[in-house]
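**Student:** First the structure, which I've put down as structure tokens, then a few questions once you've had a look.
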Amino acid sequence: KLAPRFPVAIVDHTGRWSISVPGLTSRDFLNASKLHKAEPSSTQSVNLFSDANQWMLKMLLAWHLPEGLIAAPKIQYRSGRQLADAAGVSHVSANRFLSQLKESGFLDRSSDFIRLVQREKLLLRWRGAVSNSKKEIPARFLFPSNAESQMRKLMKRNFGQACLGLFAAADKLQVGHVNGVVPYVYVPKLAQISMGEDNWKGLIPCKRGEAANLYIRQAPSPLSIFKGAVERDGEMCTDVLQVWLDVSYHPARGQEQADLIYRHYLRPIVEG
């Protein structure tokens, strides 16, 4: 022993340990460690804002929104089973979602219907949970002089497989406030896009330094985004809740657009 009068502890890479203290044995410390060992948690970490949960949230909030701003029925749901059937998810998923809402204090326990409470807090938590970086590709048309017309044709060719998002969607919903921002187009997966071919003909990825005519963005929550999408003039665009979520952190005056949507459509939900 190098230091016989001093305590020594050794821990290896597997977590095994040995300790030596003058006057005490390793067994004394082993028994003490068992007494203080934390019990494994019986509850699993759950995501209140998973893709399916975001869609069900939209369905619960659709009751409070004007017609035409979201593709969800204006229904007050009485049970998890009814919500699941309408949302197209399993009954287990819907009941687990409602349990999460209840545990987080966002569900009115006394109502005959599924009624959300603390809605402002819920909306802000939702927005914070989905503000992650996005996967997207800047793209341009081969003949950009007529980009607006080509954009309409592109969206109609990809009806159901692509939808306008952010500021372009706000314009389609007639709630727009910011002009001049390059359009964003949501697709389920970027890997499924073959630019220059089939429905994406006439479109190519931008090279470094080239100006983009649009950004093709992979939908971070494809179920919620495409289920809630609204049809306008033969094109799909994201619903008003999705627009609010998406523009809130956009550097090009996104907060202005988000504030406008909040004042006109979300504040009444919060206060009502």
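The values are calculated or read from the model by the stated rules, or taken from the named source; none is laboratory data. As the structure is a computational prediction, the values presented were derived from the model and not from experiment. Positions of Cβ are backbone-derived with ideal geometry, glycine not excepted, and every protein chain shown enters the neighbour counts. With ligands, DNA and RNA removed, areas are computed over all heavy atoms of the protein, side chains included. Shrake-Rupley method; radii C 1.70, N 1.55, O 1.52, S 1.80 Å.
**Student:** So which residues in segment 231-247 are within 19 Å of residue 128 (Cα to Cα) and of a type in the set (Asp, Glu)?
**Tutor:** Passing the criteria: 239, 246.
**Student:** Let me ask something else about it. Take residues that are over 26 Å from residue 55 (Cα atoms) and tell me which of the strands (runs of 3 or more DSSP E) falling wholly in segment 145-257 contain 2 or more.
**Tutor:** Counting at least 2 such residues, we get 203-205.
**Student:** A follow-up question, please. Determine if segment 248-256 includes at least one residue that is open to solvent by 40 Å² or more (accessible area, probe 1.4 Å) and within 29 Å of residue 87 (Cβ to Cβ).
**Tutor:** For segment 248-256, residues open to solvent by 40 Å² or more (accessible area, probe 1.4 Å) and within 29 Å of residue 87 (Cβ to Cβ): present.
**Student:** Moving to a separate point now. Of the conditions (1) open to solvent by 30 Å² or more (accessible area, probe 1.4 Å); (2) closer than 30 Å to residue 200 by Cα; (3) not polar (S, T, N, Q), residue 127 satisfies every one except a single condition; which number is it?
**Tutor:** Failing condition for residue 127: (2).
**Student:** What do you reckon, is residue 180 open to solvent by 20 Å² or more (accessible area, probe 1.4 Å), under 23 Å from the mean Cα position of the chain (by Cα) and of a type outside the set (A, V, I, L, M)?
**Tutor:** The answer is no for residue 180.
**Student:** Then there's this: Name the one entry in 214, 223, 173 that is open to solvent by less than 80 Å² (accessible area, probe 1.4 Å), over 26 Å from residue 253 (Cβ atoms) and at pLDDT 95 or above.
**Tutor:** Checking each option against the conditions leaves just 223.
**Student:** Would you check if residue 233 is open to solvent by 10 Å² or more (accessible area, probe 1.4 Å), in contact with a helix residue (DSSP H, G or I) (Cβ under 9 Å, 6 or more places away or on another chain) and among the acidic types (Asp, Glu)?
**Tutor:** yes
**Student:** Answer yes if at least one residue in segment 103-117 is in contact with a Phe, Trp or Tyr (Cβ under 8 Å, 6 or more places away or on another chain) and within 25 Å of residue 225 (Cβ to Cβ), and no otherwise.
**Tutor:** The answer is yes; a qualifying residue exists.
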